[in-house]
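The values are calculated or read from the model by the stated rules, or taken from the named source; none is laboratory data. Every value quoted in this text rests on a predicted model; they were computed, and no experiment measured them. Neighbour counts are summed over all protein chains in view; Cβ atoms, including those assigned to glycine, are modelled from backbone coordinates with ideal geometry. Calculation scope for accessible area: heavy atoms of the full protein, side chains included, ligands and nucleic acids excluded. Shrake-Rupley method; radii C 1.70, N 1.55, O 1.52, S 1.80 Å.
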Amino acid sequence: MEGLIPLVNRLQDAFAALGQSCLLDLPQIAVVGGQSAGKSSVLENCVSRDFLPRGSGIVTRRPLVLQLITAKTEYAEFLHCKGRKFTDFDEVRQEIEIETDRITGMNKGISSVPINLRIYSPHVLSLTLIDLPGITKVPVGDQPPDIEQQIRDMIMQFIARENCLILAVTPANTDLANSDALKLAKEVDPQGLRTIGVITKLDLMDEGTDARMVLENKLLPLRRGYIGVVNRSQKDIDGKKDIKAALLAERKFFLSHPAYRHMADRMGTPYLQKVLNQQLTNHIRDTLPAFRSKLQSQLLSVEHEVEVYKNFRPEDPTRKTKALLQMVQQFSVDFEKRIEGSGDQVDTLELSGGAKINRIFHERFPFELVKMEFNEKELRREISYAIKNIHGIRQVLPCLFTPDMAFEAIVKKQIVKLKGPCLKSVDLVMQELINTVKKCTKKLATYPRLCEETERIVAGYIREREEKTKDQVLLLIDIQVSYINTNHEDFIGFANAQQRSSQVNKSAVGNQVIRKGWLTINNIGIMKGGSKEYWFVLTAESLSWYKDDE
């Protein structure tokens, strides 16, 4: 059990040296809190040394991976300064400041690239903590306006991992409900299973108030509970007050305070160290089987990939040809998927590919047909001229039906108007195909020449087919113009027109009421008593009269 934390430390160093995490979430403890919440003081109390940068505003600007290791001698090592041992902890602070400025600049910028620091000491328990930048609200110096969001995103990168315990540091002299640390922790750990609460500045609370309800885990309960600590004040730090003396003062505070006396054995920095060591060890033990399984799985995957490239020769022309064919084949598959609608990347912002072409056929083309100008008065005039021109010098006699030649001349002229909407639809489809080609060639952007040539060749082929498509469309319209089949079932014709007309008239008229009102009937033998008024109803089929209008 004692070797679990050093084992994870070695893995952290290995991944940091590689510059990647191999997609593995190492068990760890992340320290989260607002600016001036006392995070740095808690860490220094755990080490019993002053080694962290201090000042106003944002001081921690890069994550600090702090590995504490129990040893007989006391010294520190940085991963970026291998082989150099720091025995003066003022130099450790200076090195942290220099390394921070090297990546983030001199004006309060931040970076997610961690600094790895290992401290060996007889005064520490084996423990690994990650000190994260304090949550800030207002940008200073050359910090970007969204500095708060950047810090929040950086913290989330660590605490969102299931294998990360969260050490939420909150000052006691602020309302616990407004704690930035607990708010972030609750977002990723709503049940409070991974969160350990640390309450600082208990000695600075207003007189007559205390944090007893919080420390007893009754106000905002956490599965792992809360631990109270008392850090050195700024005056103590400026006066170089010894941390050992501060720890004694902390112990005395809890023993003498009436609200905390009964729980003094579960408060203070030494108890916090002990709890964190136990919690981290148990956490590593619980997550180790799944971690080992995932590591072995990735190892097999990497070994397989190494086997594939074992005999790889960059200058081998067959390799280049194979890679080229694979990229071209992938382009072909992507293009087909975008047209068929089964692509791996679905556009949620606009219609594209096959969906847009479908819309052109079913919505845009009918819309273009409806938009065609049709003037009934002009059409009647054209029909009149056509009939007269067909008769020539002969007198035009009144007739019931349009002569065949005049009919064909008018109808053909209307059919030819379809060419415009059809050709426009072809243009729209071709444009969408070329746009789809451009989207598919984005995956070839690593090879600009290949990308450019692929786009040029495929777009050129599409344009060639465009001309043939337009010729085919015009041919189909010319076929319709060349022969009008009046025997087709969709064509009404004279007999069908007469039959439909009678059916329509009959159904339209039916027993329709033409007129109704009062009618006076005079001198009819069957009526005794002379004239009398009746209510009559005249329909298309009969005349009826009634005693009254009801």
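So how many residues does region 359-384 have that are open to solvent by 100 Å² or more (accessible area, probe 1.4 Å) and either of a type in the set (Gly, Ala, Ser) or over 19 Å from GLU408 (Cβ atoms) (or both)?
Residues meeting the conditions: 10.
Restricting to region 432-468, what's the tally of residues that are aromatic (Phe, Trp, Tyr) and either at pLDDT below 85 or under 21 Å from THR321 (Cβ atoms) (or both)?
Total meeting the criteria: 1.
How about region 90-99: which of its residues are surrounded by 11 or more Cβ atoms within 10 Å (Cβ to Cβ) and either farther than 19 Å from ARG62 by Cα or aliphatic (A, V, I, L, M) (or both)?
Correct list: VAL92, ILE96.
Do you know which residues across region 126-140 are part of a loop (DSSP other than H, G, I, E, B) and open to solvent by less than 70 Å² (accessible area, probe 1.4 Å)?
Matches in region 126-140: SER126, LEU132, PRO133, GLY134, THR136, PRO139, VAL140.
Conditions (1) out of contact with any Ser or Thr (no Cβ under 7 Å at 6 or more places or on another chain); (2) assigned to a helix (DSSP H, G or I); (3) assigned by the TED database to the domain that holds ILE196; (4) modelled with pLDDT under 80, marked per residue:
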site: ILE58; (1), (2), (3), (4): no, no, yes, yes
site: ILE69; (1), (2), (3), (4): no, no, yes, no
site: ALA76; (1), (2), (3), (4): yes, no, yes, no
site: ILE98; (1), (2), (3), (4): yes, yes, yes, no
site: SER112; (1), (2), (3), (4): yes, no, yes, no
site: HIS123; (1), (2), (3), (4): no, no, yes, no
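Can you tell me which of GLN278, GLN296, GLN273 is polar (S, T, N, Q), in the same structural domain as ILE130 (by the TED database) and open to solvent by 60 Å² or more (accessible area, probe 1.4 Å)?
Within the list GLN278, GLN296, GLN273, the selection yields GLN278.
With open to solvent by 40 Å² or more (accessible area, probe 1.4 Å) and either closer than 18 Å to SER126 by Cα or assigned by the TED database to the domain that holds GLN273 (or both) as the only criterion, which of ARG84, ARG62 stands out?
Values: ARG62 fails: open to solvent by 40 Å² or more (accessible area, probe 1.4 Å).
Sole residue among the options that is open to solvent by 40 Å² or more (accessible area, probe 1.4 Å) and either closer than 18 Å to SER126 by Cα or assigned by the TED database to the domain that holds GLN273 (or both): ARG84.
Within region 268-281, track down each residue that is of a type outside the set (A, V, I, L, M, F, W, C) and either touching a residue at least 60 places away in the same chain (Cβ under 8 Å) or touching a helix residue (DSSP H, G or I) at 6+ places or on another chain (Cβ under 9 Å) (or both).
GLY268, THR269, PRO270, TYR271, GLN273, LYS274, ASN277, GLN279, THR281 - these are the residues of region 268-281 that are of a type outside the set (A, V, I, L, M, F, W, C) and either touching a residue at least 60 places away in the same chain (Cβ under 8 Å) or touching a helix residue (DSSP H, G or I) at 6+ places or on another chain (Cβ under 9 Å) (or both).
Condition (residue is farther than 16 Å from THR441 by Cβ, basic (Lys, Arg), modelled with pLDDT of 75 or more and touching a helix residue (DSSP H, G or I) at 6+ places or on another chain (Cβ under 8 Å)) applied to region 348-360: is it met by at least one residue?
So the first thing to find is which residues in region 348-360 are farther than 16 Å from THR441 by Cβ, and the list is 348-351, 354-360.
Still in the running and basic (Lys, Arg): 356, 359.
Filter again for modelled with pLDDT of 75 or more, leaving 356, 359.
Next, from what is left, pick out any that are touching a helix residue (DSSP H, G or I) at 6+ places or on another chain (Cβ under 8 Å): 356.
Yes, that holds for at least one residue.
Report yes if ALA290 is of a type outside the set (Asp, Glu), on the phi < 0 side of the Ramachandran plot and open to solvent by less than 50 Å² (accessible area, probe 1.4 Å), otherwise no. First the steps, then the outcome.
Details: of a type outside the set (Asp, Glu): yes; on the phi < 0 side of the Ramachandran plot: yes; open to solvent by less than 50 Å² (accessible area, probe 1.4 Å): no.
No; evaluated as a whole, the condition is false for this residue.
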